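Student: This is the structure, below, for whatever I ask next.
The values are calculated or read from the model by the stated rules, or taken from the named source; none is laboratory data. Quantities reported herein were computed from a predicted structural model and do not represent experimental measurements. Backbone-built Cβ (ideal geometry, glycine too); neighbour counts: all protein chains shown.
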Ligand SMILES: [Zn+2]
């Protein structure tokens, strides 16, 4: 295993060059010009140049004063902006304002956006150490990028990345990292492929339903890139094994869908001082960050404790747009490559909020919490804890006044006891399967249709949904409305399928 030199020497591209004006001419405004990658060879690799100018035209002239080579790439012989180059002030196209005469204010950002073909130029030759000829060809589009090159590609080959969860996020992450040439990929997943996974987990196919995810993902990764060493961890990640499993890798990628594993992964990464590339998704929204306690905040700095069970629905309860994990997972893979290569600015101390409906990316700053229970100076958590318990998810093993187990409901049905079995899922879920004898009132229609329950107010009511989260909310609501005996079926119809009737399909 390499011990990667996590040095943040990002080279000159990250610096801002400042061009200062003489004292007598300070009336002009300080503006940052963002130079795109293809033109940085004319700015000594600077990505940003600060100039002082009152208009776009003056800003360009100020830029050309020190970087004359840029001029023919931006302006034609007559001094007009070339038609394959666009200029934006903040996010507005200057052609929609006053072109070169567009006024600039202090702090404005002038962005140069040229057309990019997306192709590569000439394949590279030369010595590449332990990359063989087939690898040189395979990775040639990487080798052409100065930020990767042969050295970067060799670094990727020597890297070990652990992907936790092979669902919607984990599968695009694993495929892109394999294709990019990460040498060792660890995959943590013990689940099997379900028909309801295929809407977003495009690595799997219909004929693989019921087969182990980890094994089928490994087959696909080997087909993409046989140079990758795939290590399977087909077990549930727990406090007992997490430090051993994570300890063998350079970067950990969190592709999980539940809070206990998310906190477990965070705390283990903090204790092991490893970067944790975080992503999460729900319906149309995604989040992305890189938690690395050595260099910035951790997940607990952002969320010291999880929401109570049932308050934040999972994708199984609330749904997710099929393409969303592909987008967020690809962004996670991008962050992993940046961390491994030591290039760019990883999302350390920043949280990306993506909204697929608005098509909006917003980045907010994250600060390290000095009172963080795991990465702060006086941590309360110095070893891994019981995360199911911490998240309030300790399995209910006995009935109480608010919960009931599937086996107990079965006995009530068998004894023909009088009670209301209330299904609060959506009609399409009821179509997939339902417990015989149940009444459907979807949670989404509950307030309007609550009167349907009133004749049964004195009876015992057992509420169920898919996994128990929605039904817990409805049960609480009914108790507050004065229903005397309302119980939540623990684990929902999924637990019913496991414990009572396996012919009920899981979804
Ligand atoms: Zn923290």
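Student: Just the residues that are more than 23 Å from residue 319 (Cβ to Cβ) and not in a helix (DSSP H, G or I), please, taken from region 147-181.
Tutor: 147, 148, 158, 159, 160, 161, 162, 163, 181
Student: Can you name every residue in region 480-493 that is surrounded by fewer than 20 Cβ atoms within 10 Å (Cβ to Cβ) and not in a loop (DSSP other than H, G, I, E, B)?
Tutor: Result: 480, single match.
Student: Looking at region 291-310, is at least one residue surrounded by fewer than 17 Cβ atoms within 10 Å (Cβ to Cβ) and under 26 Å from residue 159 (Cβ atoms)?
Tutor: Looking through region 291-310, at least one residue is surrounded by fewer than 17 Cβ atoms within 10 Å (Cβ to Cβ) and under 26 Å from residue 159 (Cβ atoms).
Student: Tally time: how many residues in region 494-507 are within 19 Å of residue 439 (Cβ to Cβ) and surrounded by fewer than 21 Cβ atoms within 10 Å (Cβ to Cβ)?
Tutor: Number satisfying all stated conditions: 3.
Student: Is it the case that residue 82 is modelled with pLDDT of 85 or more, more than 28 Å from residue 339 (Cα to Cα) and over 29 Å from the mean Cα position of the chain (by Cα)?
Tutor: no
Student: All but one of (1) over 22 Å from residue 86 (Cβ atoms); (2) modelled with pLDDT under 55; (3) surrounded by 17 or more Cβ atoms within 10 Å (Cβ to Cβ) hold for residue 13, so report the exception by its number.
Tutor: Exception for residue 13: condition (1).
Student: Further question on the same structure: Output yes when any residue across region 322-330 is touching a residue at least 60 places away in the same chain (Cβ under 8 Å) and within 25 Å of residue 492 (Cα to Cα), and no when none is.
Tutor: Among the residues of region 322-330, at least one is touching a residue at least 60 places away in the same chain (Cβ under 8 Å) and within 25 Å of residue 492 (Cα to Cα), which makes the answer yes.
Student: Residue 273 fails exactly one of the following numbered conditions: (1) over 19 Å from residue 375 (Cα atoms); (2) out of contact with any helix residue (DSSP H, G or I) (no Cβ under 8 Å at 6 or more places or on another chain); (3) surrounded by fewer than 18 Cβ atoms within 10 Å (Cβ to Cβ). What is the number of that condition?
Tutor: (1)
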